[in-house]
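Visitor: Right, I'll just put the structure down here and ask away after.
What follows is calculated from the coordinates using simple rules that are stated; it is not laboratory data. Small disclaimer: the values here were computed from a predicted structure and weren't measured. Cβ: placed from backbone, ideal geometry, glycine included. Neighbour counts: every protein chain shown.
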Amino acid sequence: MNKPHWTLLLTGALILPAAVTAQNGVPTPTVLFSGEMQTALDTIYGDSEAPVLERTILDRVGAALGGAGCAGAARIEITVRDARPTHPTDEQIRNNPALDRLRTHFAGGAAFSVRLLDPAGGELKSLRYDWYAPDDRHGSRAAQPWGDVRLASEGLGSQLAHECRALARAHPPGS
């Protein structure tokens, strides 16, 4: 397959989860980075990792929110307070050649703050969610640097879907 076809497939794969989420009455979340996390991206993990993290979080949270419905929520803001890789990023390997892309393994994970906002920008609900692999046996087996962040994002998505269902019960349509 030539490059334009791969580009088209990749673009579709990146857009589809967001489109499905928006169709199910759940706004597509916005991913933000705390000041500390942005500094870590700039100095430790590499600037190129921000879009990778954002896509990982949006895909996993979007999949969990499918059909959850967030009553009255016009926006969902996810702030990444902390994210730690499972394997070293390209920038970490450049800065320390002793690290091995696959053999070097960290206990990774992430910490998030989330706000559900109404159309006027008022906060409907806020929550915090943290998950870090307690050890190598309980973390991601993925070879990608952000495998444990993927697991943390799945947990966040599940928690957020639960909160959205609770909001829908508390504020049924037409009330």
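Visitor: Computed from the mean reciprocal separation of all distinct C-alpha pairs, what Kirkwood hydrodynamic radius does region 63-175 have, in Å?
Guide: Roughly 15.6 Å, rounded to one decimal.
Visitor: Still on this structure, I have one more. Applying a 10 Å radius around every beta-carbon, put 37-47, 156-166, 116-126 in order of their mean neighbour count, most first.
Guide: 156-166, 37-47, 116-126
Visitor: Per-residue HN-Hα couplings for region 44-55, Karplus 6.51 cos²θ - 1.76 cosθ + 1.60 at θ = phi - 60°, whole Hz, x for Gly and Pro?
Guide: 10, 8, x, 4, 5, 7, 4, x, 5, 4, 4, 5
Visitor: Excluding THR39 itself, what net charge comes from residues whose Cβ is under 15 Å from its Cβ, given Lys and Arg +1 and Asp and Glu -1?
Guide: -4
Visitor: Applying the Karplus parametrisation 6.51 cos²θ - 1.76 cosθ + 1.60 with θ = phi - 60° to the phi angles of region 156-166, what ³J(HN,Hα) value in whole Hz is obtained for each residue in order, glycine and proline being reported as x?
Guide: Values per residue, Gly and Pro as x: 4, x, 5, 5, 5, 4, 4, 5, 5, 5, 5 Hz.
Visitor: Sticking with the crude label model, points 7 Å out along Cα→Cβ, report the distance from ARG94 to ARG128 in nm, one decimal please.
Guide: 3.3 nm
Visitor: Right, another one. Near ASP90, within a Cβ-to-Cβ distance under 12 Å, what is the net charge of the other residues, with Lys and Arg +1 and Asp and Glu -1?
Guide: -1
Visitor: Between SER140 and residues 5 or more places away or on another chain, which pairs have amide H atoms under 5 Å apart, with H built 1.01 Å from N, and which residues are they?
Guide: Here the answer is ASP148, since their amide H atoms fall under 5 Å of that of SER140.
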